[in-house]
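Colleague: Structure provided below as structure tokens; questions to follow.
The numbers here are math on the coordinates, done by the rules we state, and not lab data. Here the structure is a predicted model, which means the values were calculated and not measured. In this analysis, Cβ positions are derived from the backbone assuming ideal geometry, glycine residues included, and neighbour counts consider all displayed protein chains.
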Amino acid sequence: MPALIVGNWKMNGLGEDIAEIAAMAGAGAGSLWIAPPFTLIDRAVIVSAGALTIGGQDCHAATHGAHTGCVSAAMLADLGAGFVIVGHSERRRDNGERDEDVRAKAMAGQAAGLQVILCIGETRAQRDAGDTEAVLAAQLDGSLPDNADALIIAYEPVWAIGTGLTPTLADVAAAHAFIRQRLAARYGGAGHGVRLLYGGSVTPANAADLLRVEEVGGVLVGGASLTAQSLLAIAAAAP
């Protein structure tokens with residue numbers, strides 16, 4: 001199975017930046033997924049012409065209603081999105097999202113027919129205290145949906161996001177092995193089929209090493225996904 005390369009544009013991108021997505025699509029680089037801001041999803045779907053999978057960076061747990069400024073999973077699907085990211089540490093930090101909120105969003109994404117990328121990860125203080133596995137276990141227990149259908153887990157150590165720092169390859173392997181163990185305990189055989197991504201300061205320089213780590217089935221890329229040149233270099237590094 002080819003490595004999955006997912007770009008999360010966060011709060012970046014205007015109409016002129018659609019040219020980057022068109023360039024990514026034109027390169028025919030394989031399994032590339034892009035989550036632009038909500039304002040660009042429809043245009044990204046059009047210019048990618050099926051060569052890329054376009055998704056949303058978040059969704060509301062409800063299908064509709066009086067939730068000003070929010071976007072439902074069904075709305076994403078209606079635009080042509082194929083996936084949604086839920087539980088990103090920036091959403092947990094900036095918007096106070098709890099594990100139960102993330103779980104509800106994951107289930108909403110599944111119900112709308114989207115692939116769901118569910119993010120988990122520890123802070124630097126938690127890692128330094130030796131609590132990484134306890135934190136990951138608690139986040140999984142509280143955030144996982146009822147079934148493993150269309151589910152992807154992204155391990156993003158919070159302290160590595162946007163900092164230029166990454167865990168050692170041994171630490172990445174240990175975290176992914178632990179996540180796999182928890183998924184198998186939760187879902188049985190289906191837990192072995194859930195793809196695991198690594199995220200946190202992924203660049204063209206370190207992508208090849210990260211993608212060779214056991215149980216790493218792809219990467220979730222932030223800043224390095226904003227240009228076709230950078231993201232395609234990461235894709236080219238996949239073994």
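Colleague: What is the sum of charges around Ile234, taking Lys and Arg as +1, Asp and Glu as -1, for the other residues whose C-beta is under 15 Å from the C-beta of Ile234? Show your work: numbers first, answer last.
Modeller: Values: positive: Arg212; negative: Glu20, Asp209.
Spelling it out: positives minus negatives among the neighbours equals -1.
Colleague: Moving to a separate point now. Taking other Cβ within 10 Å of each residue's Cβ, how do Cys119, Cys59, Cys70 sort, fewest first? Mind showing how you got there, number by number?
Modeller: On the way: Cys119 26, Cys59 29, Cys70 14.
With the fewest neighbours first, Cys119, Cys59, Cys70 line up as Cys70, Cys119, Cys59.
Colleague: Please state, as a whole number in µm²/s, the translational diffusion coefficient that the Stokes-Einstein equation yields for region 1-57 at 4 °C and 1.567 mPa s, with Rh defined as the Kirkwood radius across alpha carbon pairs. Write out the running numbers ahead of the final one.
Modeller: On the way: Rh = 11.1 Å.
After rounding, the answer is 116 µm²/s.
Colleague: Lys and Arg at +1, Asp and Glu at -1: add these up for the other residues within a Cβ distance under 12 Å of Met75 and post the number.
Modeller: On the way: positive: none; negative: Asp42, Asp58, Asp78.
It works out to a net charge of -3.
Colleague: If you take the charge dipole of the chain about its Cα centre, with +1 on Lys and Arg Cβ and -1 on Asp and Glu Cβ, which of Ala3, Leu136, Ile54 is farthest toward its positive end?
Modeller: Ala3
Colleague: Hey, what's the Cα Rg ratio for region 197-236 versus the globular rule of thumb, 2.2 N^0.38 Å? Before the final figure, lay out the partial values.
Modeller: On the way: Rg = 9.2 Å, N = 40, 2.2 N^0.38 = 8.9 Å.
Dividing the Cα Rg of region 197-236 by 2.2 N^0.38 Å gives 1.03.
Colleague: Tell me, how many Å apart are the Cα centres for region 15-80 and for region 192-215?
Modeller: 23
Colleague: Please report Glu156, Glu214, Glu133 as a ranked list, fewest other C-beta atoms within 10 angstrom at the top and most at the bottom. Intermediate values should be presented prior to the final figure.
Modeller: Numbers: Glu156 24, Glu214 11, Glu133 15.
The most exposed by this proxy come first: Glu214, Glu133, Glu156.
Colleague: So, one more: In Å³ and rounded to a whole number, note down the convex hull volume per residue for the Cα atoms of region 108-239. All intermediate terms of the calculation are to be shown ahead of the outcome.
Modeller: On the way: hull volume 14.6 nm³, N = 132.
Convex hull volume per residue, Cα atoms: 111 Å³.
Colleague: What is the local net charge at Ala44, summed over the other residues whose Cβ is closer than 15 Å to its Cβ (Lys, Arg +1; Asp, Glu -1)?
Modeller: Working: positive: Lys10, Arg43; negative: Glu16, Asp17, Glu20, Asp42, Asp78.
Within the 15 Å Cβ shell, the charges total -3.
Colleague: Fewest Cβ neighbours within 10 Å first, please rank Tyr198, Tyr155 accordingly.
Modeller: Values: Tyr198 30, Tyr155 24.
Ranked by crowding around the Cβ, least crowded first: Tyr155, Tyr198.
Colleague: Given Cβ point charges of +1 (Lys, Arg) and -1 (Asp, Glu) and nothing else, what value in debye, to the nearest 20, does the dipole of the chain about its Cα centre take?
Modeller: Numbers: 15 positive and 24 negative charges, 35 e Å.
Using only the charged Cβ atoms, the result is roughly 180 debye.
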